[in-house]
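Read-outs throughout are calculated quantities, based only on the coordinates presented, and are distinct from any laboratory measurement. What you see is a predicted model; the values in this text were computed from it and never measured. Because the Cβ atoms are built from the backbone with ideal geometry, glycine has one as well, and the counts that use them run over all protein chains shown.
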Amino acid sequence: MICILCKKHTNDVITKELRGGEKLPVFYCKRCDIGMLGQELSGEELKKYYAGKYRKIASPRLGFATNPKELFETAIPFQQDRVRLLKKHLGKNRRLLEVGCSAGMFLWHIRKYVKEAIGIDYDSRSAKFAARKCGCKTYDKDIERTDLEKKSFDIICAFQTLEHVKNPVDFIARYKKYLKPGGVMAIEVPNLRDALVYAYDLPNHKKFFYHISHTWYFSQKSLQKLMKQSGFRGEVFHIQDYNIFNHINWIINDKPQPSFSPGLASPVVNFRKNIELKIKSEISRFVIKMDESYKNKLSDLKITSNIFYIGRIK
Ligand SMILES: [Zn+2]
C-alpha cells in the first residue's frame with residue numbers, strides 16, 4: 001500500500017482482523033506513524049454507507065441500531081473538552097462550520113459563543129434533527145453543492161470525522177477553501193497510541209479498536225504531518241474521554257462495557273442504601289480524583305483516546 005502522506009510503499013501491517021471478525025489488513029507507515037485500512041471504497045460508496053448502514057452498527061449501545069435523539073442525548077454531556085480547547089478562537093463575530101455534525105451535540109453547545117454555527121452531515125436524519133434542536137442551518141450534502149461561500153468561515157471543525165473519509169489530504173484541501181485567510185481548522189480523531197491498544201496487551205481490545213468504518217488511524221505525528229503538508233500551523237492536544245473504570249474493565253476482562261455512557265461519564269460507585277454520608281462522599285471524592293489523575297497521566301504520556309489539532313492557515 002502507498003502511504004497517503006509520504007507516498008512511499010509499505011508492506012507493514014498492524015492487524016489483519018477488524019471488529020466483528022472481518023478479515024481486512026490495516027497497513028502501517030512507520031515513517032509517518034499512520035494506519036491505513038486496506039480497502040478501497042469509492043467516495044460514492046462511502047457516502048451511501050454513512051447515509052444508511054453506519055448508524056445501524058455505530059451505536060451508543062453495542063449491537064443496537066440508534067437514532068438522532070439517542071445520539072444527541074448520550075453525547076451532549078461530553079462536549080466540554082472541545083469547547084474548552086476552542087474557547088480562545090470563539091467570538092460573537094465568528095462563523096463556525098462543523099463537518100460531520102451528527103445530531104448536533106457540539107453545535108448545541110457552541111452556538112452561543114459565535115455569530116453563526118452551521119453543520120454538515122451525510123446522515124440526513126441527524127442533520128435535520130440538529131437543525132431543529134439547535135436552531136442552526138445544516139446540510140446533508142457535499143459542501144460544494146450547498147450555497148455556502150468559499151472563504152466565509154473563521155473556524156471549521158471536524159470531530160471524529162477525518163478517520164472515516166476517503167482521502168484526508170483531499171478532505172482538508174476541500175474545506176480549507178471555505179476558511180477565511182488565517183482561519184482555524186480544528187480536528188479531533190481517535191489516537192493510534194490510545195493506551196488500550198498501544199500500552200496494554202489486550203488481544204480482544206485490539207480487534208475492537210480497528211474497525212471497518214475507520215479508514216485512517218492517526219497519531220500526533222501523522223496528524224501534524226497531514227496538517228503541515230496542507231498548509232496549516234498548529235498544535236496537538238491529548239484528551240482522554242473514557243474513564244479509569246472503563247480502562248480497568250478492559251484491563252481485567254478484555255471486553256467492552258455494554259454501553260458507552262458510564263465509561264464516558266465520571267466514574268460512579270454504587271453504594272448500599274443508607275450507607276453513612278461520610279463513607280459515600282469520601283470514597284466518591286477519592287474515585288473522582290483518581291480518575292482525573294489517571295487522565296492527566298495518559299495525557300502527559302500522550303497515550304489518550306483522542307488527539308485534538310488546532311491550527312491556522314499559514
Ligand atoms: Zn508515510
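List of remarks:
- Residue match in region 272-281 (condition: touching a His at 6+ places or on another chain (Cβ under 9 Å) and of a type in the set (Asp, Glu)): no
- Residues satisfying the stated conditions in region 83-98, i.e. in contact with an Asp or Glu (Cβ under 8 Å, 6 or more places away or on another chain) and crowded, with 23+ Cβ neighbours inside 10 Å: 96
- Subset of region 1-43 (residues that are within 15 Å of the ligand (Cβ to nearest atom) and among the β-branched types (Val, Ile, Thr)): 2, 4, 10, 13, 14, 26, 34
- Just one of the listed residues (216, 250) is within 16 Å of the ligand (Cβ to nearest atom) and of a type in the set (Phe, Trp, Tyr), and it is 216.
- Residues of region 149-207 that turn out to be more than 14 Å from the chain's Cα centre (by Cα), in a strand (DSSP E or B) and of a type in the set (Gly, Ala, Ser), as a count: 2
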